[in-house]
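The values are calculated or read from the model by the stated rules, or taken from the named source; none is laboratory data. Given the structure is predicted, the values throughout are model-derived calculations rather than measurements. We place every Cβ from the backbone using ideal geometry, glycine too, and count neighbours over all the protein chains shown.
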Amino acid sequence: MLRVLLRKSLLQFCCVIVAGFLYAQLATSSLLADTSDNSTQENTTRSYTVDTQQVHPNGVILRVSQVTLAKLHTTIHASVVNGANSPIALNHWYRTDPTVLLDAQGNAYRLTAPQGDEEIQVPPGHSLEGTFVFLGQIPTSSPTLTLVINPTGSATDKETAFPQFKTELTLFDKKKE
């Protein structure tokens with residue numbers, strides 16, 4: 001039992017580290033590459049508390065707590081609990097139909113998945129918490145975003161390993177600049 005708990009804790013720790021590394025790597029590379037004239041572009045980073053939860057019929061729980069809009073990317077802090085009896089993937093079709101973030105105008109921003117775990121797999125009984133990075137600048141005037149996980153997955157199948165989530169994220173006026 002202790003061995004199983006240690007494996008779960010190590011896996012959760014590694015998932016958080018990978019997500020954090022991905023965010024830090026993206027943020028660092030964008031800062032180093034930014035030599036353009038910024039007079040016509042927004043430079044502010046805005047964070048929004050969204051605190052939304054969705055439960056899939058297969059037992060998977062998705063909770064999104066924060067959205068941060070930045071110049072070259074958008075991050076979503078989320079946690080996923082796999083309450084299903086089998087492993088799940090949150091980005092199964094990453095090459096052809098990846099997890100995306102849609103702005104109010106319907107523009108899609110692709111998830112940048114961790115290298116080596118592009119499908120973002122979560123074993124049964126495990127949880128994943130971290131920051132998901134979507135490339136591209138989303139207009140700060142967008143009142144809502146829609147997180148679409150596994151766009152061609154199933155939203156209703158109780159046995160699916162590829163749960164589909166379409167979660168609307170309302171961006172409240174609580175901004176941190």
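Within the stretch 135-157, track down each residue that is hydroxyl-bearing (S, T, Y) and more than 15 Å from R95 (Cα to Cα). Passing the criteria: T140, S141, S142, T144, T146, S154, T156. Among the residues of the stretch 132-147, those that are surrounded by 19 or more Cβ atoms within 10 Å (Cβ to Cβ), at pLDDT 95 or above and either in a loop (DSSP other than H, G, I, E, B) or not aromatic (F, W, Y) (or both) comprise V133, L145, L147. Filter the stretch 107-131 down to the residues that are under 13 Å from the mean Cα position of the chain (by Cα) and either assigned to a loop (DSSP other than H, G, I, E, B) or aromatic (F, W, Y) (or both), then identify the one that is surrounded by the most Cβ atoms within 10 Å (Cβ to Cβ). Ranking the candidates gives I120 first.
Listed by first and then second residue, the pairs with beta-carbon distance under 7 Å, at least 6 apart or on different chains, first residue in the stretch 88-117 and under 21 Å from I138 (Cβ atoms), second in a loop (DSSP other than H, G, I, E, B) and of a type in the set (S, T, Y), are L90/T99; N91/T99; D97/T152; D103/S142; A104/S142; L111/T99; A113/Y94. Residues in the stretch 56-89 that are in contact with a Leu (Cβ under 8 Å, 6 or more places away or on another chain) and assigned to a loop (DSSP other than H, G, I, E, B) were compared, and the one that is nearest to H126 (Cα to Cα) is H56. A count restricted to the stretch 60-80 and to residues that are surrounded by fewer than 18 Cβ atoms within 10 Å (Cβ to Cβ) and either among the aromatic types (F, W, Y) or in contact with a strand residue (DSSP E or B) (Cβ under 6 Å, 6 or more places away or on another chain) (or both) stands at 5. In the stretch 60-79, which residues are over 16 Å from L171 (Cβ atoms) and in contact with a Lys or Arg (Cβ under 8 Å, 6 or more places away or on another chain)? The answer is S79, and nothing else.
Within the stretch 51-67, the residues that satisfy the criterion of being out of contact with any Phe, Trp or Tyr (no Cβ under 6 Å at 6 or more places or on another chain), at pLDDT 95 or above and within 20 Å of G130 (Cα to Cα) are T52, Q53, V55, H56, G59, V60, I61, R63, V64, S65, Q66.
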